[in-house]
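A short write-up of the structure that comes next.
No value in this document is a laboratory result; all are computed from the given coordinates. Predicted, not measured: the structure shown is a model, and the values here were computed from it. Because the Cβ atoms are built from the backbone with ideal geometry, glycine has one as well, and the counts that use them run over all protein chains shown.
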Amino acid sequence: MTPGRRDTETPGNLKTAMLSLENIVKIFPVEGGILRRKIGIVPALKGVSLRVPAGGSLGIVGESGSGKTTLGKIVARHLAADGGRVLWEGRPHEEFSRREWASRVQMVFQDPAASLNPKLSLRVLLGEAVAVRAQIDGQKGPRRAERDRRLQALLDEVGLSGAPLDAYPHQFSSGQRQRLAIARALALRPRLLVADEPVSSLDLSVQAQILNLLMDLKDRWGLTYIVISHDLAVVSRLADRVAVMKNGEVVEEGETSAVLAAPRHPYTQTLLDAVPAFLR
Amino acid sequence: MSDLLTIRSLSVHYRRRDGDVKAVRSVSLDVRAGETLGLAGESGCGKSTLAMAIPRLLPQPPAEYAGGKIVFEGRDLISLSSEELRQIRGAGIGVVFQDPFSALNPVLTVGEQIKEAFSAHVRPCPPGTVEDLLSRVRLPDAVRIARGYPHQLSGGQRQRAVIALAIALGPRLLIADEPTTALDVTLQGGILDLLDGLKKEMGLGVLLVSHNIGLLSERADRLAVMYAGEIVEVGPAGQVLAGAFHPYTRGLLASLPRLSAGRGKLPTLAGQPPDLRNPPEGCAFRARCPRAIPACGVSPSLGAKEGGRSVACHNP
């Protein structure tokens, strides 16, 4: 530290973040005409930088079109960025194979009906993920009895104890399907879970159950979260820090309680005002 | 305020081989002119069945009216002929559906569909009517929209076109079933503002059905809460939300994440709603209810409380 310059960074922040996003840019082409030619571009992310420490929980809020889902997909490597760097513990994501990344970062989506292959039984849906994880760890895939035991343990984790492994996703309610989607993500034993609108397609009484499950799992598995939502109230439950996105940029970032108590950006205030009065 | 719509002891069942689903069970409810009645409830509680049963839009079979009355402007809709019903739909009761795409005819322009609504009711559609309607639903550039086909419109524009159709013949009651659920969050406010505006301009009674209590809290004058095919609570929206009587309403409201509450677990409702093929004897919420008493073995009726509120509970 040089004299005269106070370094306000705490030692914890000086350590490498688990996940860092540096100046992420994403551009989507606009197609038009009968030949679907590229007639323009839409910048979806205009240089987003964020850091998530191990064990932390970052909320990303913003309305549709703000780029928050695109950012989540880039973190999970479902989409490639057009610029900037994604770093895992300081190492660029390109150094990791697809599988290595999948064993670190998993994503849970808004609509569990769409994210779970309806043709696969639980045994196949979850078993595939368990087998992938075994391969990453340099082990052979477990035998059937052992695998079934592990799958049941996984179902226990998400509150679906005793669900038959021969069952298919459509045999479950939407809340149970979201639990299955979470179980499948956990089967890879990730360290970071990106949850994109994890409760917004669910019934009200089920939303609280899934939010509670996510809170439990974070503690039990020592997970790190990125929670993406348009709903500030949902994010305020799960995230210790929050980034507010608008038009592809982060307009405000800080501790959740501080941002909610004293928003600095007018757009954050707009989002706060959008929460119905009786839920404030 | 007079009752525009009076529903008394209405039951609607769906015939199924594995047992009839009793989707609406002895519901009584009023909608008054000039008010928005919010109908809240979770999936499968029967709120959409109730909404679509009013203009008799449920296909029969499998739907079956198993008792009760639906009195609209003094006439019981259940006893009307299909020709009389056709006159009331559109001219008396307008309907806005969740999915604006399937509510419009894909091979007709928006303008043609509005004109068709007039001709179906043997009414003249003077020049300028279409454009006037489209501007009333705040669709700018009405001439272009009128010439457009549904697929050429955005989701928000389509829903506005559906609303234009719903109000074309000057109905007194508008039924809106999850009118913004299929739309982007950013468009929802505009559609709800529009419904509010039309309610005031036209003195409409609006039945607004939604799973989203937050939305209803801002748009409904009165709120009715439905559970397992029954109305469990009705009252002025602000009062119900500030101090619900029914344990189900209270449990549901307590489970909602609130901004001020900070971190930590949310209270949840234990258990599942009952199977409506075989609803339980007595109060349908009894098995999940923290306040259940022996009296709950007998079905509670919706009893009046002070301040225009009512609740169906033996031990509120």
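Per-residue ellipticity at 222 nm, computed for chain A from helices alone with -39500 (n - 2.57) per DSSP H run of at least four residues, works out to -10500 deg cm²/dmol.
Counting DSSP beta bridges with both partners in region A:124-259, what percentage is antiparallel, nearest 5?
55
Please say if region B:11-83 is rounded, prolate or oblate, where rounded means a/c under 1.5 for a ≥ b ≥ c the square roots of the C-alpha gyration tensor eigenvalues, and otherwise the choice is prolate for a/b larger than b/c and oblate otherwise? List each step's numbers first, then the result.
Working: a/c = 2.20, a/b = 1.25, b/c = 1.75.
Verdict is oblate for region B:11-83.
Net charge near A:Val242: determine it from the other residues with C-beta under 14 Å of the C-beta of A:Val242, scoring Lys and Arg +1 and Asp and Glu -1.
Details: positive: A:Arg51, A:Lys68, A:Arg237, A:Arg241, A:Lys246, A:Arg264, B:Arg263; negative: A:Asp231, A:Asp240, A:Glu252, A:Glu253, A:Glu255.
That sum, taken over residues with Cβ under 14 Å, equals +2.
Rounded to the nearest 0.05, what FRET efficiency is calculated for B:Arg147 and A:Gln269 with R0 set to 45 Å and r the Cβ-Cβ distance?
Details: r = 41 Å, r/R0 = 0.90.
After rounding to 0.05, the efficiency reads 0.65.
Along its three principal directions, the equivalent ellipsoid of the protein assembly as shown from the Cα gyration tensor extends over semi-axes of 44, 31, 24 Å, largest first. Helix-only arithmetic for chain B: the sum of -39500 (n - 2.57) across DSSP H runs with n ≥ 4, divided by the residue total, places the mean residue ellipticity at 222 nm at -8500 deg cm²/dmol.
Coordinate range of the alpha-carbon atoms in chain B per principal axis, descending: 66, 50, 40 Å. Amide H to amide H, with H built 1.01 Å from N, A:Met245 comes under 5 Å of A:Val61, A:Gly62, A:Val251, counting only residues 5 or more places away or on other chains.
With K and R counted +1 and D and E -1, the other residues having a Cβ less than 10 Å from that of A:Ser173 yield a net charge of +1. Backbone geometry of region A:60-76 corresponds, through the Karplus equation with coefficients 6.51, -1.76 and 1.60 at θ = phi - 60°, to 3J(HN,Hα) couplings of 10, 10, x, 8, 4, x, 6, x, 5, 5, 4, 5, x, 5, 5, 4, 7 Hz, x marking Gly and Pro.
A straight chain from A:Ala114 to A:Ala153 at 0.36 nm per residue would run longer than the Cα-Cα distance by 11.6 nm. Projected label points at B:Ile78 and A:Ser161, each 7 Å from Cα along the beta carbon direction, are separated by 4.6 nanometres. Database remark: amide H of A:Gly84 closer than 5 angstrom to the amide H of A:Val25 (H placed geometrically; neighbours at sequence offset of 5 or more, or on other chains; Pro and chain starts carry no H). Label point of A:Arg144 set 7 angstrom out along Cα-Cβ; within region A:93-122, no amide nitrogen lies under 14 Å from it. Under the simplified labelling scheme, the A:His78-B:Asn315 pair shows an inter-label distance of 4.6 nm, with each label point 7 Å from Cα along Cα→Cβ. Highest mobility in the GNM of chain A, judged by mean-square fluctuation with C-alpha springs under 10 Å and restricted to A:Gly138, A:Gly67, A:Gly175, is found for A:Gly138.
For region B:1-153, the share of DSSP beta bridges that are antiparallel, to the nearest 5, is 95%. For the pair A:Ser121 and A:Ala258, what calculated FRET efficiency results from E = 1/(1 + (r/R0)^6), where r is the Cβ-Cβ distance and R0 = 45 Å, to the nearest 0.05? That gives a FRET efficiency of 0.45. Residues whose amide H falls under 5 Å from that of B:Leu223, counting only those 5 or more places apart or on a different chain, are B:Gly38, B:Gly235, B:Ala237, with hydrogens built in the peptide plane.
Hey, which of these cross-link pairs are over 19 Å Cα-Cα: A:Lys73/A:Lys246; B:Lys69/B:Lys305; B:Lys22/B:Lys69; A:Lys46/A:Lys73; B:Lys22/B:Lys305? List each step's numbers first, then the result.
On the way: A:Lys73/A:Lys246 17 Å; B:Lys69/B:Lys305 24 Å; B:Lys22/B:Lys69 16 Å; A:Lys46/A:Lys73 15 Å; B:Lys22/B:Lys305 27 Å.
Going by Cα-Cα distance, B:Lys69/B:Lys305; B:Lys22/B:Lys305 fall outside the 19 Å limit.
With both labels modelled 7 Å from their Cα along Cα-to-Cβ, the B:Arg138 to B:Ala304 distance reads 3.8 nm. Among complete DSSP H helices in chain B, those whose alpha-carbon atoms stretch at least 24 Å along the helix's long axis and whose mean Kyte-Doolittle hydropathy reaches -0.5 are B:185-202.
Assuming R0 = 51 Å, can you tell me the calculated FRET efficiency for the pair A:Arg189 and B:Glu64, based on Cβ-Cβ distance, to the nearest 0.05?
On the way: r = 52 Å, r/R0 = 1.01.
The formula returns an efficiency of 0.50 here.
Which one, A:Ile226, A:Ile39, A:Ile136, has the greatest fluctuation when you compute a Gaussian network model over chain A with C-alpha springs under 10 angstrom? Greatest mean-square fluctuation among the candidates belongs to A:Ile39. Could you give the longest part of chain A that holds none of the GluC sites (Glu not before Pro) found in DSSP loops with at most 16 neighbouring Cβ atoms within 10 Å? Value returned for the longest uninterrupted segment is A:90-280.
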